[in-house]
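Visitor: A single structure is presented below for examination.
Values quoted throughout were computed directly from the atomic coordinates according to the rules given, and no laboratory measurement underlies them. This is a predicted model, so every value here is computed, not measured. Virtual Cβ from ideal backbone geometry, glycine too; neighbours counted across all protein chains shown.
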Amino acid sequence: MMDKKIVTFGEILLRLSKENNSRLSQGRQFNGDFGGSEANVAVSLSVLGDNVEYVTRVPDGPIGNAALMHLREFGLDTSHIVKGGDRLGTYYFESAASMRNSVVVYDRNNSSFYSLKHGDIDWAPIFDDAKIFHCSGITCAMSKDALDTTFDALELAERMGVEITCDINYRKNLWHYPGANAKATLHKLMEYSSFIFGDQNEWEVGSSLKHIPFEAIDSSYKIDEDAYIAYFKELQKQFPRCKRMLIALRNQIASSHHTLTGVLYSDGKLYKTKIYDINPVVDPMGCGDAFVAAFIHARMKWDDDQRCLDFAIAASAIKNTIIGDQNLAIEDEIIEVMNH
Ligand SMILES: O=C(O)C(=O)C[C@H](O)[C@H](O)CO
């Protein structure tokens, strides 16, 4: 029998980028990859061997079918994906080089997901055999209907005993619909969740507590454990139902030289792991999603928070070496890096 499934919900995006650090204005050919945070988490979980269903809305036509074929290639259950609307959400990505930062240009107005209507998705059959529902702040930022659809799902998941995990995933360039309130919404999303993931800045947006700087220039850096314990104790007051709070810590020393680690707070205990010194970073897009997926996967396998954090950060570190938004690292490969 299949293991109980993990469900993720969000907008799958077509990512268009140029090759070899070329600017968006250079060359004639675009590379097309698929991204979208929740799709990235779903693909990564499936690569790790989990039973995953991905829910979204795509156009009814060749481009929507291409997205579905991509998801199915990775073994995802796509049976409740809704078809309709005009176009697939897209983003343009220019990678960072030397002193030049990366560029993300969203082109997702009037996408099929953008025009999803509250009520389009019937969550009850989706959650029937589900164990975990994973969602993210990006979905709540898209439209009022996407927000309402997410909160319908959260309420039902809670009633049906499906565990909720979330990635705060604050994207300042979204949140355009009338009445959009990122801070209040993200806080509410976090209140539902038993695992909360985010980077330092996202935790600050969701909690209004100033983040602790992470300034590692190599692996020898020591994080201030007392400061994190005090920080997490304050967070726990705001999110009393949360069982595991995770902060991904990244310092960009140069565009292709990053240090990366993460901290976890669970049952009043702080866990830390090694600091990866990644040079060169090939493609950092989606390394947060790799972290989320690997931690969820690990928690279902091992009742050992330290091992789960070690595994999740190793997975996220490997993602930095893989082109595209999705982590294609398998479990054995991650374990090898984590034990190195
Ligand atoms: O930024 C977004 O909305 C995306 O979902 C695109 C990327 O895949 C995502 O940011 C990676 O985490």
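Visitor: Treat the count of other C-beta atoms within 10 Å as a stand-in for reagent exposure and order 156, 71 from fewest to most.
Guide: 156, 71
Visitor: To continue, here is another question. Note down the Stokes-Einstein diffusion coefficient of region 275-340 in µm²/s, whole number, using a Kirkwood radius over alpha carbon pairs, 4 °C, and 1.567 mPa s.
Guide: Roughly 112 µm²/s, to the nearest whole number.
Visitor: Now a separate question. Let me see the P(r) profile for region 63-220: every Cα-Cα distance counted, bins of 10 Å, each bin given as a percent of all pairs.
Guide: 9, 30, 37, 18, 5, 0
Visitor: To the nearest 20 debye, what charge dipole does region 1-66 have about its Cα centre, counting +1 at the Cβ of each Lys and Arg and -1 at the Cβ of each Asp and Glu?
Guide: 300
Visitor: Please compute the net charge surrounding residue 338, taking Lys and Arg as +1 and Asp and Glu as -1 over other residues with Cβ under 12 Å from its Cβ.
Guide: Residues near residue 338 contribute -3 overall.
Visitor: Give, to the nearest whole percent, the P(r) tail of region 210-332 beyond 26 angstrom, counting all Cα pairs.
Guide: 19
Visitor: How big is the gap, in Å, between the Cα center of region 219-279 and the Cα center of region 99-129?
Guide: Centre-to-centre distance over Cα atoms comes out at 29 Å.
Visitor: Given the options 135, 27, 314, identify the residue whose Cα lies farthest towards the positive end of the charge dipole of the chain (+1 on Cβ of Lys, Arg; -1 on Cβ of Asp, Glu).
Guide: So the residue furthest toward the plus end is 27.
Visitor: For the chain, modelled as a Gaussian network with Cα springs under 10 Å, which listed residue fluctuates most, 244, 72, 87?
Guide: Of the options given, 72 has the highest mean-square fluctuation.
Visitor: Continuing with the same structure: Could you calculate, for region 1-145, the ratio of the Cα radius of gyration to the Kirkwood radius, expressed as Rg to Rh?
Guide: Here Rg/Rh amounts to 1.00.
Visitor: Next question. Which whole-number percentage describes the relative contact order of the chain, with Cα contacts under 8 Å and a sequence gap of 6 or more?
Guide: Computed over the chain, the figure is 15 percent.
Visitor: Considering only DSSP beta bridges whose two residues both sit in region 5-339, what percent are antiparallel, to the nearest 5?
Guide: Once the DSSP bridges in region 5-339 are tallied, antiparallel ones form about 50 percent.
Visitor: How would you rank 68, 189, 260, 76, going from fewest to most other Cβ atoms within 10 Å of each one's own Cβ?
Guide: The order, fewest Cβ neighbours first, is 68, 76, 189, 260.
Visitor: What is the order of 41, 281, 82, fewest Cβ neighbours within 10 Å to most?
Guide: 82, 281, 41
Visitor: Let me ask something else about it. Near residue 4, which lysines are there with a Cα under 16 Å away, not counting those fewer than 8 places off in the same chain?
Guide: Of all the lysines, those that pass the test against residue 4 - Cα under 16 Å, at least 8 places apart if same chain - are 131, 301.
Visitor: Hull surface divided by four, with the convex hull built on the Cα atoms of the chain: how many nm²?
Guide: 16.5
Visitor: Rounded to whole Å, give me the distance from the Cα center of region 148-214 to that of region 310-340.
Guide: Using only Cα atoms, the two centres lie 25 Å from each other.
Visitor: Using the Cα centre as the reference, give the magnitude of the dipole from point charges on the C-beta atoms of region 5-339 (Lys, Arg: +1; Asp, Glu: -1; all else neutral), rounded to the nearest 20 debye.
Guide: Roughly 760 debye for region 5-339.
Visitor: Any idea which of 207, 326, 36 is furthest toward the positive side of the dipole for the chain, if Lys and Arg beta-carbons carry +1 and Asp and Glu beta-carbons -1?
Guide: The Cα lying farthest towards the positive end belongs to 207.
Visitor: Additional query: Sequence neighbours fewer than 8 away in the same chain don't count; with that in mind, list the lysines whose C-alpha is under 22 Å from residue 117.
Guide: Counting by Cα, and skipping residues close in sequence, residue 117 has these lysines nearby: 83, 144, 188.
Visitor: Using alpha carbon centroids, what distance separates region 69-98 and region 295-309, in Å?
Guide: Using only Cα atoms to place each centre, the spacing works out to 28 Å.
Visitor: Students often forget the sequence filter, so: which aspartates and glutamates lie under 13 Å Cα-Cα from residue 274 once same-chain residues fewer than 8 apart are removed?
Guide: Output for residue 274: 218, 310.
Visitor: OK, next. May I ask for the Rg/Rh ratio of region 137-259, computed from Cα atoms with Rh as the Kirkwood radius, given to two decimals?
Guide: 1.01
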